[in-house]
1. In contact with a Leu (Cβ under 7 Å, 6 or more places away or on another chain) and modelled with pLDDT under 85: is that true of residue A:267 in this structure?
2. Out of (1) among the small types (Gly, Ala, Ser); (2) within 17 Å of the chain's Cα centre (by Cα); (3) surrounded by 18 or more Cβ atoms within 10 Å (Cβ to Cβ), what's the single condition that is false for residue A:35?
3. For the range C:242-253, indicate whether the set of residues that are in contact (Cβ under 8 Å) with a residue 40 or more places away in the chain, surrounded by fewer than 20 Cβ atoms within 10 Å (Cβ to Cβ) and more than 18 Å from residue C:108 (Cβ to Cβ) is non-empty.
4. Taking the range B:262-272, which residues are more than 8 Å from chain C (Cβ to nearest Cβ), part of a helix (DSSP H, G or I) and either over 18 Å from residue B:97 (Cα atoms) or in contact with a Leu (Cβ under 6 Å, 6 or more places away or on another chain) (or both)?
5. Could you tell me whether the range B:189-196 includes any residue that is away from chain C (no Cβ under 14 Å) and not in a helix (DSSP H, G or I)?
6. Here are C:276, C:223: which of them is over 30 Å from residue C:72 (Cα atoms), away from chain B (no Cβ under 11 Å) and crowded, with 24+ Cβ neighbours inside 10 Å?
7. If residue A:130 meets every condition in (1) of a type outside the set (Asp, Glu); (2) part of a strand (DSSP E or B); (3) away from chain C (no Cβ under 11 Å); (4) crowded, with 20+ Cβ neighbours inside 10 Å apart from one, which number is that one?
Amino acid sequence: MDNNILDIKDLKVNYITDEGTVQAVNGLNISLKKGESLGLVGETGAGKTTTALSVLRLIPNPPGKIENGEIYFEGKNLLEASEEEMRHIRGNKISMIFQDPMTSLNPVMTVGEQIAEGIEIHQGLDKQKSMEKAKEMLELVGIPKERSVDFPHQFSGGMKQRVVIAIALSCNPLLLIADEPTTALDVTIQAQVLDLMNDLKEKFDTSMILITHDLGIVAETCDKVAVMYAGEIIEFATLEQLFTEPKHPYTKGLFGSIPNLEEDVDRLKPIRGLMPDPTNLPKGCTFHPRCPEAKETCKKREPVSIDTGNSHMVKCLLYEEVSQSEGAK
Amino acid sequence: MNSDVATKNNASTKTKSKKKRSQWSEVWRRLKQNKMAMAGLVILTILVLLAVFADVIADYDEVAIKQNAAVRLQGPSKDHWLGTDNLGRDIFARMIHGARISLMVGIVAVSIAILIGGTLGAIAGFYGGKVDNIIMRFMDVFLAIPSILLAIAIVGALGQNLFNLMLAIGVSSIPGFARIVRASVLTVKDQEFVEAARAIGATDTRIIIKHIIPNALAPVIVQGTLGVAGAILSTAGLSFIGLGVPKPRPEWGAMLSDGRQFLRNASHITTFPGLAIVITILALNLLGDGLRDALDPRLKQ
Amino acid sequence: MHKYILRRILLLIPVTIGVTFIVYSIMYFTPGDPAMIMLGENAPEAELIKLREEMGLNDPFIVQYGRFLKNAVQGDFGRSYSTKKPVFDEVFSRFPATLKLTVAGLAIALVIGIPVGIISATKQYSLMDSVSMILALLGVSMPNFWLGLMLILLFSVKLGLLPSGGDAGFSAMILPAITLGTGVAAIITRMTRSSMLEVIRQDYIRTARAKGVKEKKVINKHALKNALIPIVTVVGLQFGSLLGGAVLTENVFSWPGVGRLMVDAIKQKDTPMVLASVIFISVTFSIVNLVVDILYAYLDPRIKSQYS
């Protein structure tokens, strides 16, 4: 517990819109040890990005609002920190890589300026020194330093994401949150960027939360995996546990949706149905309308997260009942 | 958060005819929710009614233009709600007859501009290439002349009467409409339903009338509403410097210009017609802004 | 970049010729006989014929236009029908007054419009935002000549604080500049607000915040620089309405500029004077737009690199 760098407890985030209140994150718990990599997996709209932005306290407000919860980073609750304290954490101790490199760089500033800016703010260096350091960072992500005077539109998508990575890592953060860092890139570039991130993460001994919907990427990079559905973590396990023995019907469904070369399956089994309407979540277990193993109780009772052994956490009534009936014996 | 609504809306512009009606009722529904826009619409309706029934409310020959030295420069009273001017004419009566001129010039001028500018813009956008280049360069030249100057020059050259006034203001707002229509034609032109129409052998004219114009309508409606406001301002401006409707016809700009000499002792002559202009333009702007939001929810903030 | 500027300057030539052609064509329709306007209605027929011949009034339209253009290039826009003096000199001597008024109006519009627009956008839906949006709406709905008269009524007639006309020093400029600038200030306020709101939502603003940049700097550096790009275009276009509005404002405040000269000339059917005034103002507008386009390229590196 004490060597946890990040502890998110019972986080609840709502977006209040004209069409209703969107319950984006719904009592979420995550913990992350120093140096660990956590994969946060889930469909679009599961609340992954909202969770990440909550850690940096960058939820756009309005319409977003953190209703409840605690986010401990290095033992300090970030939700109680002042704006000034947060500024010293953002980009310095926690940084973030965003999904779309095409839009996450400022079009009217040179990439050098954009990397140097964070360095200047957090490391107390003057403009010139910051720029020198920025050029080093560029070289580190594989871009010649001469290009620091160029503007974002002069770079390709993959190159832009390298610049974004350089910005994120320029102050040796303790925690890096990467939000679908490769989704917007070509497949060939994806691997390069992923390798680069992994190398740099090792080099700086950074903890990481990798947000993705791609289990393949998780398998390559992460130590632990949290599966997210409708704003909750429904399964939390080590990489090995999850890949060898997925427990939650949703997680099993995710594996059923990807082709497997080793097993001989006639056809893929996609998860039926769609993500529930976040303004009107189903009662009981939020997954029950889509769950192939749903029972009558799933419509009524909300499951709680339980440990099925070796810290493999699952939030599903199927396992709750097993442990309950075992306890009854 | 609005992207769902936007795509739905987009889809309904694409599938035509039957869904067209539901799209317009959707626009109306959104417009109704906008209190400011509805306020604008109510004010405009009242103004139009006043203008239409101006003769019933106050006779043109007997009240609006008949001079009466006995009651000149009187302030607001029971007999003359908004007072009288320097020639003893009832200002309220003149204002409602003035509303006729303003609204008529505004609407006719914008119609001229939409007709000519819209056609030019549609041709330029639809055919592209050299035609586009020639038309739009010509429009650029027009745009280089500040529109009120152009209108002044046209009225100055053609002579001062109601028709020339409408023509001058209409012509000077042609380039704006040409640009807007061209832009929306360009975005519609390459969409699949137009290609589909072409694939089944629809003629150019048919494609323009059945497909392109309905889809270019939204920005034209918005710009048209705001354009009427601009035209009314120009009319008042031209009348103010004595190049508008010939006297003794009451026109708001001319009325407040007449009041200038009496600003010290009878400022109501100047104040009230000005307020009429402000209220009219305000109402048109409110409605125009509301229409823009209702027609394109993606732009709403 | 030089190539871009050169291209834009060269483009000014056809536009200017086009403007002269349009305005010349319009003024050509002016009814009445210029010879008679110059010599008076009772002039003997023989003299009228002689003058018409001298002025080339019997030539076809295109020949007359060609001659006009050839002379105009040399700075000769003909002589005024009423004062008989070269119109160019007259317009040129009145021009500084108009420019002064226009620039003062623009300054007021910018000084009010941009800060208010930024504050409105950053405090969206606040009381401050609502109040400034209502004022801006009133500002765009008000005819400037009426506003001018109302200002005279309040500050000159009632309070006696400021002069109501003429061009005598700084105090005489305050009311005309406010009159002219208000409408454009309102437009720029609205434009700045919507442009800022658009930019604030962009991903790169989130990136800046995620770097730990101070909120003030996020707005004034990261957001404003992007938001200014469309604003600059609007300011350029609004310069045209300022120049047009100056014609009316000059008439309200008896301001000795080109606008008043032009209106007087129209009433006296002094075609060369009208022609020169409109062309002069339009060319000024074109030059301002040229400057704006260059500034635009300077602000937006995406455009700059297209031409370098």
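The values are calculated or read from the model by the stated rules, or taken from the named source; none is laboratory data. Given the structure is predicted, the values throughout are model-derived calculations rather than measurements. When we count neighbours, we look across all protein chains shown, and the Cβ atoms used for this are built from the backbone with ideal geometry, even at glycine.
1. On the way: in contact with a Leu (Cβ under 7 Å, 6 or more places away or on another chain): no; modelled with pLDDT under 85: yes.
Here the answer is no, as residue A:267 does not meet what is asked.
2. (3)
3. Our first condition is that a residue be in contact (Cβ under 8 Å) with a residue 40 or more places away in the chain; within the range C:242-253, this holds for C:242-243, C:245-246, C:248-253.
Adding the requirement that they be surrounded by fewer than 20 Cβ atoms within 10 Å (Cβ to Cβ) leaves none.
No, every residue in the range C:242-253 fails to be in contact (Cβ under 8 Å) with a residue 40 or more places away in the chain, surrounded by fewer than 20 Cβ atoms within 10 Å (Cβ to Cβ) and more than 18 Å from residue C:108 (Cβ to Cβ).
4. First, the residues of the range B:262-272 that are more than 8 Å from chain C (Cβ to nearest Cβ): B:262, B:265-266, B:268-269, B:272.
So of that shortlist, the ones also part of a helix (DSSP H, G or I) come out as B:262, B:268-269, B:272.
Within the range B:262-272, B:262, B:272 meet the criteria.
5. Yes, that holds for at least one residue.
6. Numbers: C:276 fails: over 30 Å from residue C:72 (Cα atoms).
The match here is C:223.
7. Tallying (1) of a type outside the set (Asp, Glu); (2) part of a strand (DSSP E or B); (3) away from chain C (no Cβ under 11 Å); (4) crowded, with 20+ Cβ neighbours inside 10 Å, residue A:130 fails exactly one: (2).
Residue-wise test of (1) buried (at least 23 other Cβ atoms within 10 Å of the Cβ); (2) in a helix (DSSP H, G or I); (3) touching a residue at least 40 places away in the same chain (Cβ under 8 Å); (4) within 11 Å of chain C (Cβ to nearest Cβ).
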| residue | (1), (2), (3), (4) |
| --- | --- |
| B:223 | yes, yes, yes, no |
| B:247 | no, no, no, no |
| B:250 | yes, no, yes, no |
| B:253 | yes, yes, no, yes |
| B:260 | no, yes, no, yes |
| B:280 | yes, yes, yes, yes |
| B:284 | yes, yes, yes, yes |
